[in-house]
1. Can you tell me which residues in segment 146-165 are within 19 Å of Pro195 (Cα to Cα) and within 10 Å of the ligand (Cβ to nearest atom)?
2. Gln65 is checked against (1) touching a helix residue (DSSP H, G or I) at 6+ places or on another chain (Cβ under 9 Å); (2) over 27 Å from Cys250 (Cα atoms) and fails just one. What number does that condition carry?
3. Among the candidates Asp105, Asp58, which residue alone is in contact (Cβ under 8 Å) with a residue 12 or more places away in the chain, in a loop (DSSP other than H, G, I, E, B) and open to solvent by 50 Å² or more (accessible area, probe 1.4 Å)?
4. Output the qualifying pairs, or none if there are none: Cβ atoms under 9 angstrom, residues six or more apart or on different chains, first residue in segment 69-82 and closer than 10 Å to Arg117 by Cα, second residue modelled with pLDDT under 95 and among the acidic types (Asp, Glu).
5. Is one or more of the residues making up segment 118-141 hydroxyl-bearing (Ser, Thr, Tyr), free of Cβ contacts under 8 Å to residues at least 12 places away in the same chain and either over 27 Å from Phe183 (Cα atoms) or assigned to a loop (DSSP other than H, G, I, E, B) (or both)?
6. Quick one: in segment 59-79, of everything that is small (Gly, Ala, Ser) and within 16 Å of the ligand (Cβ to nearest atom), which residue is nearest to the chain's Cα centre (by Cα)?
7. For segment 1-22, which positions are under 12 Å from Pro198 (Cβ atoms) and either of a type in the set (A, V, I, L, M) or open to solvent by less than 30 Å² (accessible area, probe 1.4 Å) (or both)?
8. Given the options Arg127, Arg117, Arg103, name the one that is in contact with a strand residue (DSSP E or B) (Cβ under 9 Å, 6 or more places away or on another chain), farther than 20 Å from Gly199 by Cα and either of a type outside the set (Asp, Glu) or within 13 Å of the ligand (Cβ to nearest atom) (or both).
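The values are calculated or read from the model by the stated rules, or taken from the named source; none is laboratory data. Predicted, not measured: the structure shown is a model, and the values here were computed from it. Neighbour counts run over all protein chains shown; Cβ positions are idealised from the backbone, glycine included. When the accessible area is computed, the model is the full protein with side chains, heavy atoms only, and any ligands, DNA or RNA have been set aside. Shrake-Rupley method; radii C 1.70, N 1.55, O 1.52, S 1.80 Å.
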Amino acid sequence: MISQKKYTPQYSFEFFPPKTEQGLDKLRATRTELAKLKPKYFSVTFGAGGSTQQGTIDTVLEIQQSGLSAAPHLSCVGSTLESITHILNTYKENGVNRVVALRGDMPSGMQEAGAFRYANELVEFIRREYGDYFHIEVAAYPEVHPQASDAQTDLINFKRKVDAGANAAITQYFYNCDAYFRFVDDCEKAGIDLPIVPGIMPITNYTQLARFSDMCGAEIPRWIKKRLQGFGDDRDSIMAFGEDVVTQMCTRLQQEGVPGFHFYTMNQAGPSMAIWQNLGLKA
Ligand code: FAD
């Protein structure tokens, strides 16, 4: 963990593009609340090959035009060079200078891989075409990407993105600090030297969390799962327990010297703000 201590901690919040007017109003209110914490940036997810792509662009430009810093996610699988170039040009023309560069997952039913197969190819492309204009974040997987054959292969593939020019990494969420510490130590041994910011998923809803975690390969430890299951529909108890567990985890990460936190907000301000306040973070 030594290498991570040299970086000034940075904090960021992730949104998804809203699909309804009501969702948009809610996101604006969430953004106003979280902006008070003065994060480094707000990131906005992007659906690979899907219909939400314009939603990402609209949400990003609205954040940027409100005077805050936005970091669009951009996944490349199934995309053409032209479509990726068009999106990046739109961001550049509007002063957006951050991007979270991803492979993404092919939506079911889509067959064509497109111009890029892996995220390292997207990072290479952005560096080649736009020089140092974009600050590039990439994804990291302390519990190993679900499609990787083993941790070592996944680490080699992670290094490809760093060597291609990534500035920083954000991890998949996890509830096991040791997986993160081990991953960072392995990166250090492999000569990977960049901030690896832990992705933090507040716990607010067991069913939704279990479904997400199955899809993305994040493990909910048995003791957490069993307690959450035991609360049934008692939302207040789930929220209170979740806040406590995630705060304790973040405290341990802070003690070891992490380079900040990236909160997966699910477009809600309250759960991330509660953890922020418990940690005594300053705006
Ligand atoms: P890659 O880094 O390309 O890795 C994918 C897999 O391929 C891994 O198993 C890796 O080991 C392997 N691999 C990588 N490079 C090579 C290579 N050159 N040769 C052979 N194998 C290789 N998904 C979305 O659709 N939209 C989002 O907005 C989004 N945001 C995310 C944000 C964060 C912080 C994280 C952690 C994930 C996000 N995801 C998002 C999910 C992500 O798209 C999926 O996890 C996807 O399966 C992998 O994307 P990646 O960029 O990590 O891929």
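1. The initial filter retains those residues of segment 146-165 that are within 19 Å of Pro195 (Cα to Cα), namely 154-165.
Within segment 146-165, Asp154, Leu155, Ile156, Asn157, Phe158, Lys159, Arg160, Lys161, Ala164 meet the criteria.
2. It is condition (1) that Gln65 fails.
3. On the way: Asp58 fails: in a loop (DSSP other than H, G, I, E, B).
None of the others qualify; the one that does is Asp105.
4. Here the result reads Val77/Asp105; Gly78/Glu112, each pair linking segment 69-82 to a residue that is modelled with pLDDT under 95 and among the acidic types (Asp, Glu).
5. No, there is no match, as no residue in segment 118-141 is hydroxyl-bearing (Ser, Thr, Tyr), free of Cβ contacts under 8 Å to residues at least 12 places away in the same chain and either over 27 Å from Phe183 (Cα atoms) or assigned to a loop (DSSP other than H, G, I, E, B) (or both).
6. Within segment 59-79, the first condition is being small (Gly, Ala, Ser), and the residues that meet it are 66-67, 69-71, 75, 78-79.
With within 16 Å of the ligand (Cβ to nearest atom) added as a condition, the list becomes 70-71, 75, 78-79.
Details: Ala70: 13, Ala71: 10, Ser75: 12, Gly78: 21, Ser79: 21 Å.
Within segment 59-79, the match that is nearest to the chain's Cα centre (by Cα) is Ala71.
7. Within segment 1-22, the subset under 12 Å from Pro198 (Cβ atoms) is 1, 4, 9-12.
Within segment 1-22, Met1, Gln4, Ser12 qualify.
8. Numbers: Arg117 fails: in contact with a strand residue (DSSP E or B) (Cβ under 9 Å, 6 or more places away or on another chain); Arg103 fails: farther than 20 Å from Gly199 by Cα.
Result of the check over Arg127, Arg117, Arg103: Arg127.
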